[in-house]
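Visitor: Got a structure here, written out as structure tokens. Questions coming.
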Amino acid sequence: MALGKITTLLWKAFGAAQITEAEADELSNLIEVRKVVPKPDPDTRRKAVGSRPLTDASLARRRRWAASGRLPPALAANFTQGEIAVLAVLAETVVRSGDCRHCNDYIAALAGVSRSMVKNALRQAKRLGLITVEQRRVAAWRNNTNIVRIVSPEWEAWNLLKRRSIPEGGGVKSVTGSNTIDIKLGKKRGLRGQKRLSRRGRRARKNEPDENRSTRHNLNAPAQAS
């Protein structure tokens with residue numbers, strides 16, 4: 001309701017003796033103060049979208065899982081960043097164990113999101129036919145953790161490609177090292193061969209007759225002008 005209408009109703013109530021003069025003056029002053037205070041611009045206010053991480057570490061985990069590429073781009077377009085992080089944790093667990101049996105709190109802690117975000121992500125994925133959720137009831141008021149399986153052919157094929165791209169034992173790429181041992185041995189063998197050749201040359205020179213030595217000396221000497 002506009003402040004002008006409130007002022008009109010205020011003085012009508014005062015004329016009908018529904019409020020006292022002191023109350024009317026107090027309410028009138030409050031209305032005047034309200035008119036002076038500027039209204040916040042609705043466009044400059046930050047829209048609350050998704051759940052806000054509690055710490056910087058949880059925000060970093062959320063971003064890492066969302067950027068891990070565990071969800072095909074066509075399917076990831078249907079989810080928010082936090083939901084993609086949840087589904088990335090789910091996909092990683094399914095690739096390693098065949099299904100996911102973690103509780104919602106554990107998945108939320110890994111993905112850096114809230115428990116409600118985990119529920120929303122699983123509900124949306126189930127609605128799109130990407131996963132199945134099997135409930136395990138133990139008693140009337142107690143259940144085991146649900147068993148979540150991926151049934152989307154596109155998502156399963158994507159996980160198969162991701163599994164082949166990552167070698168066993170961890171890591172994201174395989175590095176082929178050079179055989180430095182053979183190179184070092186080859187260098188040593190080459191040096192040994194050169195030493196042997198130099199020794200053989202020295203021995204041959206020692207065993208040469210004196211005539212050959214003098215002839216080589218004369219050939220190496222500069223020619224004298226006649």
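Visitor: Under the classification rounded if a/c is under 1.5, otherwise prolate if a/b is larger than b/c and oblate if not, where does segment 52-108 fall, given a ≥ b ≥ c as square roots of the Cα gyration tensor eigenvalues?
Guide: It is oblate, given that a/c is not under 1.5 and a/b is not larger than b/c.
Visitor: For segment 92-154, what is the accessible area per residue in Å², given a 1.4 Å probe and the full set of protein chains?
Guide: Here the residues of segment 92-154 average 61 Å² of exposed surface.
Visitor: Next up: Compute the distance in nm between two label points, each set 7 Å from the Cα along the Cα-to-Cβ direction, one at Ala2 and one at Asn29.
Guide: My value for the distance between the label points is 2.7 nm.
Visitor: Which sequence of Phe79, Phe14 reflects their accessible areas, 1.4 Å probe, from the largest down?
Guide: Accessible-area ranking of Phe79, Phe14, largest first: Phe14, Phe79.
Visitor: Still on this structure, I have one more. Between Thr145 and Glu21, what is the label-point separation in nm under the 7 Å Cα-to-beta-carbon projection?
Guide: The modelled label-to-label distance comes out at 7.4 nm.
Visitor: If each of Arg64 and Lys12 carries a label point 7 Å out from its Cα toward its Cβ, how far apart are those two points in nm?
Guide: 6.4 nm
The values are calculated or read from the model by the stated rules, or taken from the named source; none is laboratory data. Since this is a predicted model, take the numbers as computed values, not measurements. All Cβ positions, even for glycine, are placed from backbone atoms using ideal geometry, and neighbour counts span all protein chains on display. Side chains included, ligands, DNA and RNA excluded: accessible areas come from the protein's heavy atoms. Shrake-Rupley method; radii C 1.70, N 1.55, O 1.52, S 1.80 Å.
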